[in-house]
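Student: Let me begin by handing over the structure; questions about it come next.
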Amino acid sequence: MFIDSAKIYIKSGNGGNGVISFRREKYVAYGGPDGGDGGKGGDVIFITDPNMSTLMDFKYKRKYVAPSGENGSGNNKYGKDADDLYIKVPVGTQIIRDDTNELIADLTKPGQKAIVLRGGKGGRGNAKFASATLKTPRFAESGEEGKELYVRLELKLLADVGLVGFPNAGKSTLLAACTNARPKIANYPFTTLYPNLGVVYHKGKSFVMADIPGLIEGAHRGEGLGYDFLKHIERTKLILHIIDVSNPLSDPIDDFKKINEEMYLYNDKLKEIPQIVALNKIDALDASLIDLDDISAKIQSFGYDVLKISAITGIGIENLLDKTIEILDKFKLDVEENTEDVIIYNMPKEKETVDIDIKNGVYYLSGSKIDRLLKRVNLQDENSLRYFEMILKKSGVIDMLKERGFKDGDTINVRNFEFEYYE
């Protein structure tokens, strides 16, 4: 089954905790602090695998969590950094933030990487807090939590030539005639439910051809197979527009205009891609009912190359491939692609908040900034509380309190823990 989109949850690893430890050696009555730092959490990294062709793996597994760093230990031993989590995706995969629709990375080369989430930093052990005035710190930092995100994976085929046209125009038959691909072919709408790829070899040259499932009116709004497959046209260098001219009940010119309108309503940039129009099924044409030359002349008047073919008998196929290679050789589509081997995504930092509420002379602190600071201290320990007070001052929170009338000796309440603060 061809799966070209998926939504998954990813989370980088937590940092390991720093440890509280003191030297305990024979004949050393009061050893100093020797608690080591925690290790860094694992990153979440996407990497393209040329052996993958769909996002099928993500249909069954939707949660990816990187391992956490090890905690520190005594004797100044640092915790081990966690291994990074590598997630394999096909070449041509786009990674999109689900909450903002921001394009994180567009992976277009084999082996290309995207570092999407960084692992949390390890907490510092108590040895890092020793100073001339604080010789026996009895606190350490907790590791930083990893970051989490929901992302959408969108696979857009990397084909040189895209076949477009109404259902039953003969696209699958043409693909089979030009390549070794064996798409399902039958005489009913939407026989092709998934894009098919094939490699064309012609006169010493080769290119990739993709059969895009049949479009209908309203496809740009998602009707029929809709934009699930319109997106696969965006990367092509050349469009082969296949029109069935054998049906006297349809208007080939009207069909031609409708398909182009659907493509351009979906993405106006598709107008920049050169297009060859192939009038197909000429072997089944009733010349008394359809004027093929008139149809050809009208489409040419719009500025397109027009060729007459029969995909099922092979009539005109060689001329079509000659023209295709001629255009591919002289035209190079200016596609914005990431050519870097490693793409690094930096999550925008959320604005930290500090909320101050005053009740009965007590200053209540809350907000995301306070929560972040609290994760790294133990308020039950006197030394750790002193460290927390120092952080509040350095981070500007005390100045914010003073603007609200705070003075030395007043009481601060943080998540129901109260203490008096003195400079």
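The values are calculated or read from the model by the stated rules, or taken from the named source; none is laboratory data. Nothing here was measured: the structure is a model prediction, and the numbers come from that model. All Cβ positions, even for glycine, are placed from backbone atoms using ideal geometry, and neighbour counts span all protein chains on display. Heads up: the accessible areas ignore ligands, DNA and RNA and are worked out on the full protein's heavy atoms, side chains in. Shrake-Rupley method; radii C 1.70, N 1.55, O 1.52, S 1.80 Å.
Student: From the list Met400, Met347, pick out the single residue that is aliphatic (A, V, I, L, M), in a loop (DSSP other than H, G, I, E, B) and either open to solvent by 50 Å² or more (accessible area, probe 1.4 Å) or farther than 24 Å from Ile20 by Cβ (or both).
Tutor: Details: Met400 fails: in a loop (DSSP other than H, G, I, E, B).
Only one candidate passes the filter, namely Met347.
Student: Same structure again: Going residue by residue through region 286-294, is there one that turns out to be open to solvent by less than 30 Å² (accessible area, probe 1.4 Å), β-branched (Val, Ile, Thr) and either in a helix (DSSP H, G or I) or modelled with pLDDT of 90 or more (or both)? Even if it seems obvious, please write down each step before you answer.
Tutor: Quick first cut of region 286-294, residues open to solvent by less than 30 Å² (accessible area, probe 1.4 Å) only: 290, 292.
Pick out the ones that are also β-branched (Val, Ile, Thr) and you get 290.
In the following step, the residues that additionally are either in a helix (DSSP H, G or I) or modelled with pLDDT of 90 or more (or both) were identified as none.
No.
Student: Same structure again: Within region 274-285, restricting attention to residues that are open to solvent by 50 Å² or more (accessible area, probe 1.4 Å) and assigned to a helix (DSSP H, G or I), which residue is modelled with the lowest pLDDT? Reasoning before the result, please.
Tutor: Step one: filter region 274-285 for residues open to solvent by 50 Å² or more (accessible area, probe 1.4 Å), giving 281, 283-284.
Still in the list and also assigned to a helix (DSSP H, G or I): 283-284.
Numbers: Asp283: 91, Ala284: 88.
Out of the qualifying residues, it is Ala284.
Student: State yes or no: is Lys330 loosely packed, with under 13 Cβ neighbours inside 10 Å and under 29 Å from the mean Cα position of the chain (by Cα)? Talk me through it step by step, then tell me what you get.
Tutor: Values: loosely packed, with under 13 Cβ neighbours inside 10 Å: yes; under 29 Å from the mean Cα position of the chain (by Cα): no.
Here the answer is no, as Lys330 does not meet what is asked.
Student: Quickly run through region 229-254 and pick out the residues that are in a helix (DSSP H, G or I) and modelled with pLDDT under 90. Can you show your working first?
Tutor: Kept after step one, since they are in a helix (DSSP H, G or I), are these residues of region 229-254: 229-233, 252-254.
Result: Phe229, Leu230, Lys231, His232, Ile233.
Student: Can you find, within region 158-170, the residue that is modelled with the lowest pLDDT among those that are open to solvent by less than 10 Å² (accessible area, probe 1.4 Å) and within 30 Å of Lys109 (Cα to Cα)?
Tutor: Within region 158-170, the match that is modelled with the lowest pLDDT is Ala159.
Student: What number of residues in region 381-393 are open to solvent by 90 Å² or more (accessible area, probe 1.4 Å) and modelled with pLDDT of 90 or more?
Tutor: Let us first name the residues in region 381-393 that are open to solvent by 90 Å² or more (accessible area, probe 1.4 Å), namely 382, 386, 393.
Those still in the list that are modelled with pLDDT of 90 or more too: 393.
Summing the residues that are open to solvent by 90 Å² or more (accessible area, probe 1.4 Å) and modelled with pLDDT of 90 or more in region 381-393 gives 1.
Student: Please work out which one of (1) open to solvent by less than 80 Å² (accessible area, probe 1.4 Å); (2) under 42 Å from the mean Cα position of the chain (by Cα); (3) at positive phi is the condition Gly409 fails and give its number.
Tutor: For Gly409, the failing item is (2).
Student: Just for region 41-75: of the residues that are open to solvent by 50 Å² or more (accessible area, probe 1.4 Å) and acidic (Asp, Glu), which one is farthest from Thr108 (Cα to Cα)?
Tutor: Out of the qualifying residues, it is Glu70.
Student: May I ask you to say which residue of Leu320, Leu307 is open to solvent by 20 Å² or more (accessible area, probe 1.4 Å), touching a strand residue (DSSP E or B) at 6+ places or on another chain (Cβ under 7 Å) and either closer than 25 Å to Leu158 by Cα or outside any loop (DSSP other than H, G, I, E, B) (or both)? Lay out the reasoning, then the answer.
Tutor: On the way: Leu320 fails: open to solvent by 20 Å² or more (accessible area, probe 1.4 Å).
The unique qualifying residue is Leu307.
Student: Given the conditions (1) open to solvent by 10 Å² or more (accessible area, probe 1.4 Å); (2) β-branched (Val, Ile, Thr); (3) closer than 25 Å to Leu270 by Cβ, report the number of the one that Thr136 does not fulfil.
Tutor: Single failed check for Thr136: (3).
Student: Now for a separate question. Which one of Thr108, Thr100, Thr93 is closer than 24 Å to Tyr9 by Cα and open to solvent by less than 10 Å² (accessible area, probe 1.4 Å)?
Tutor: Working: Thr108 fails: open to solvent by less than 10 Å² (accessible area, probe 1.4 Å); Thr100 fails: open to solvent by less than 10 Å² (accessible area, probe 1.4 Å).
Criteria check complete, one pass: Thr93.
Student: Restricting attention to region 350-380, which residues are under 25 Å from Asn71 (Cβ atoms), open to solvent by less than 30 Å² (accessible area, probe 1.4 Å) and not in a helix (DSSP H, G or I)? Steps first, answer last, please.
Tutor: Restricting attention to region 350-380, the residues satisfying the condition of being under 25 Å from Asn71 (Cβ atoms) are 370-380.
Then drop every residue that is not open to solvent by less than 30 Å² (accessible area, probe 1.4 Å), which leaves 370, 373, 377, 379.
Listed by number, the residues that qualify are Val377, Leu379.
Student: Determine if region 150-171 includes at least one residue that is within 30 Å of Gly38 (Cβ to Cβ) and either more than 13 Å from the chain's Cα centre (by Cα) or in contact (Cβ under 8 Å) with a residue 12 or more places away in the chain (or both).
Tutor: Residues of region 150-171 that are within 30 Å of Gly38 (Cβ to Cβ), as a first pass: 150-151.
Pick out the ones that are also either more than 13 Å from the chain's Cα centre (by Cα) or in contact (Cβ under 8 Å) with a residue 12 or more places away in the chain (or both) and you get 150-151.
Yes, region 150-171 has at least one match.
Student: On to the next question. Can you name the condition, by its number, that Lys271 falls short on among (1) open to solvent by 90 Å² or more (accessible area, probe 1.4 Å); (2) assigned to a loop (DSSP other than H, G, I, E, B)?
Tutor: Unmet condition: (2).
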